[in-house]
Amino acid sequence: MQLSAILLLAAPLTGALRMGSPALAPSRTSAVSMVDRTATIPAKNVWVDMVPASEVKPNTINSGFQYGIEVAVVCDAKGGIYGLSNKMPPTGQPTTFAEIQGDVVVEPVSGTKFNIKTGKQTGTWCPYPIGKLIIGRITTPQDMETFKLRKQGGYVQALINVNAKAQFEQKYWRGILDSQGKVDGGYY
């Protein structure tokens, strides 16, 4: 009696185990996306602590890193503070390596100057010899990103978009360990 009961219970399963059964066939449309591709992540600007105010002294450049964004806090000779990206065009050198000359910072490899208030490139693009020979020929003039700063509670704070990293990655990632297009073949 037990054997017949087992066979009765197993009968529906044997049909599903046959080769080519739709119940077990791999499906290309069954993948679940963790991120809605049509929805965009909104910008969310927040004041974030970057550098202790005690470290910000005249003619210094300090940097802070929060939410995937690195901000260089430039303090001019008069004590004014300005926020720039800590990645200088055209070589990507940190702004903390730059030299302050009045109201400009000078990129150490190419010699390109950027206004600390506006981030605009000033003067000749790549005036140093290595810049003229190589870097200036393969790059085009560009400006630096600027950030609003304020002193608050013993820190210099920067107004940054805390969703910037997620907005950037939205184009490339759908979920954990999944590159864009791997789920549904959209990349190919």
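The values are calculated or read from the model by the stated rules, or taken from the named source; none is laboratory data. Because the structure is a prediction, the values reported are computed rather than measured. Cβ placement follows ideal geometry from the backbone for every residue including glycine, while neighbour counts extend to all protein chains displayed. Surface areas here come from the heavy atoms of the whole protein model, side chains and all, with no ligands, DNA or RNA. Shrake-Rupley method; radii C 1.70, N 1.55, O 1.52, S 1.80 Å.
See the values below:
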{"item": "Mean accessible surface per residue for the range 89-168, computed with a 1.4 Å probe while every protein chain stays in place, in Å²", "result": "55"}
{"item": "Sites THR118 and GLN93 - FRET efficiency at Förster radius 22 Å, r taken between beta-carbons, to 0.05", "result": "0.65"}
{"item": "Rg and Dmax of the range 59-172, Cα atoms only, in Å", "result": "14.8, 47"}
{"item": "Residues in the range 72-114 that a label on LYS148 would reach, taking backbone N under 14 Å of a point 7 Å out along Cα→Cβ", "result": "83"}
{"item": "Proximal charge balance of ALA77 [Cβ under 11 Å; K/R count +1, D/E count -1]", "result": "0"}
{"item": "Fully extended contour minus Cα-Cα distance, from GLN101 to LEU159, at 0.36 nm per residue", "result": "18.4 nm"}
{"item": "Label-point gap, in nm, between ILE41 and LYS132 - each point 7 angstrom along Cα→Cβ", "result": "4.5"}
{"item": "Local net charge near GLY131, Cβ-Cβ under 10 Å (Lys/Arg +1, Asp/Glu -1)", "result": "+1"}
{"item": "Kirkwood-Stokes translational diffusion coefficient of the range 45-86, alpha-carbon pairs, 10 °C, 1.306 mPa s, µm²/s", "result": "151"}
{"item": "Other-chain or far-sequence residues with amide H under 5 Å of THR122's (modelled H)", "result": "LYS113, PHE114, ASN115"}
